[in-house]
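Heads up, the thing below is written out as structure tokens.
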Ligand code: 5GP
């Protein structure tokens with residue numbers, strides 16, 4: 001008669017970054033559809049809601065004063081200024097998830113990814129998503145028809161800066177085909193969950 005083993009796993013903080021136009025949000029949607037148990041981290045931001053964005057769903061929309069209060073109270077795991085607004089990741093949901101063996105998904109920029117890799121080390125896995133080419137990125141930005149020429153130029157310049165941070169990431173996904181890119185993300189999640197370093201085996205009695 002063999003005794004049963006009990007395995008525990010520490011939770012993982014999955015970070016997805018990439019320039020606007022990389023297709024990040026559709027990939028995140030595809031990943032959440034496959035792994036509904038992934039917890040989506042909701043950031044604080046000082047920017048105004050856009051379109052149908054709802055407080056508590058896409059972001060926690062706060063004033064600059066409230067943001068500062070939470071930052072100074074050490075409530076944020078990281079924070080950064082992006083396009084002139086402040087963004088920050090609440091710390092408690094990440095710490096709780098890691099301890100409880102649940103995984104979190106974060107859509108944050110290169111500064112946040114670098115910071116969280118430092119704080120959470122092996123518990124953080126960072127994925128960079130890029131469109132297949134610079135021409136394609138430009139085409140996607142133009143097709144969105146949300147930005148004027150100056151904004152498109154700013155986003156392209158920022159994408160080049162983001163590409164410089166690639167060595168700080170663990171994985172790179174070239175998003176030419178949505179289904180293929182989602183499949184790659186799923187493969188990353190599955191492989192990272194199987195890493196021996198995250199597994200704790202309860203000792204045999
Ligand atoms: P948007 O305002 O278009 O939703 O997001 C702008 C940028 O801010 C995106 O690159 C997004 O990944 C990043 N971002 C969103 N939340 C956070 C956060 O909590 N921390 C950091 N560092 N970046 C964030």
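Every number here is computed from the coordinates shown, using simple stated rules; none is lab data. This is a predicted model, so every value here is computed, not measured. In this analysis, Cβ positions are derived from the backbone assuming ideal geometry, glycine residues included, and neighbour counts consider all displayed protein chains.
Here are some notes:
- Any chance residue 20 is more than 18 Å from residue 93 (Cα to Cα), surrounded by 14 or more Cβ atoms within 10 Å (Cβ to Cβ) and near the ligand (Cβ under 9 Å from one of its atoms): yes
- Residue selected from region 23-38 under the condition part of a loop (DSSP other than H, G, I, E, B) and farther than 15 Å from residue 125 by Cβ, by the criterion nearest to the ligand (Cβ to nearest atom): 23
- Test: residue in region 39-60 that is away from the ligand (no atom under 12 Å from the Cβ), in contact (Cβ under 8 Å) with a residue 40 or more places away in the chain and under 15 Å from the mean Cα position of the chain (by Cα): yes
- Answer residue from region 145-155, given it is in contact with a helix residue (DSSP H, G or I) (Cβ under 7 Å, 6 or more places away or on another chain) and without any contact (Cβ under 8 Å) to a residue 60 or more places away in the chain and is surrounded by the fewest Cβ atoms within 10 Å (Cβ to Cβ) among those: 147
- Exclusive hit being within 9 Å of the ligand (Cβ to nearest atom) and more than 11 Å from the chain's Cα centre (by Cα), set 85, 100: 85
- Within region 116-143, the set of residues being under 22 Å from residue 50 (Cα atoms) and exposed (fewer than 12 other Cβ atoms within 10 Å of the Cβ) comprises just one member, 143.
- Count of region 104-119 residues, restricted to those that are outside any strand (DSSP E or B) and either in contact with a helix residue (DSSP H, G or I) (Cβ under 7 Å, 6 or more places away or on another chain) or within 10 Å of the ligand (Cβ to nearest atom) (or both), is 10.
- Taking the criterion of being assigned to a loop (DSSP other than H, G, I, E, B), crowded, with 17+ Cβ neighbours inside 10 Å and touching a helix residue (DSSP H, G or I) at 6+ places or on another chain (Cβ under 9 Å), the only residue of region 55-101 that qualifies is 62.
- For region 147-205, the set of residues classified as within 15 Å of residue 20 (Cβ to Cβ) and assigned to a loop (DSSP other than H, G, I, E, B) consists of 147, 148, 175, listed by residue number.
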